[in-house]
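Derivation of every value follows stated rules applied to the coordinates shown; laboratory data play no part. Predicted, not measured: the structure shown is a model, and the values here were computed from it. Every residue, glycine among them, receives a Cβ derived from its backbone with ideal geometry; neighbour counts consider all protein chains shown.
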Amino acid sequence: MEIAGVIAALLFSLLLMRSVWLQVIQYDHYHALAESNRISLVPAPPARGVIYDRQGEVLAQNFSAYTLEITPAKAGKLETTINQLSQVV
């Protein structure tokens, strides 16, 4: 039974060391990866074309639409952020 306890303690200490390595020592690296992962470009699919009926009347037409999402916790002052975005959009 002593060997099982030693093996369990060894495995637990390895797990603890790996956790400290990833969360404390490698913090800056993974923090930078997380920050760069927060903003992503999602390509818009191409237009599918206009749909006509048999008389040539347009039944459905395509238009481009964009979506902007703001994370309130990261935006700071919401009113200031909206004013700054209104100049760009």
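Find the centroid of the Cα atoms in the range 70-85 and in the range 1-56, then give the distance between the two in whole Å.
When both Cα centres are located, 26 Å separates them.
Using the alpha-carbon atoms, what tilt in degrees (0 to 90, nearest 10) does helix 78-88 show relative to the longest principal axis of the chain?
50
In the neighborhood of K74, defined by Cβ-to-Cβ distances under 13 Å, what is the net charge if each Lys or Arg adds +1 and each Asp or Glu adds -1?
Cβ neighbours under 13 Å give a net charge of 0.
What is the angle, in °, between the Cα long axis of helix 2-20 and the longest principal axis of the Cα atoms in the chain? Nearest 10 is fine, range 0 to 90.
40
Using the crude model of +1 on Lys and Arg Cβ and -1 on Asp and Glu Cβ, and no other charge, please compute the dipole size for the chain relative to its Cα centre, in debye to 20.
Magnitude of the dipole: close to 80 debye.
Take the Cα pairs of the range 2-88, get the Kirkwood Rh, then feed it into Stokes-Einstein at 4 °C and 1.567 mPa s and tell me D in µm²/s.
Approximately 67 µm²/s, per Stokes-Einstein.
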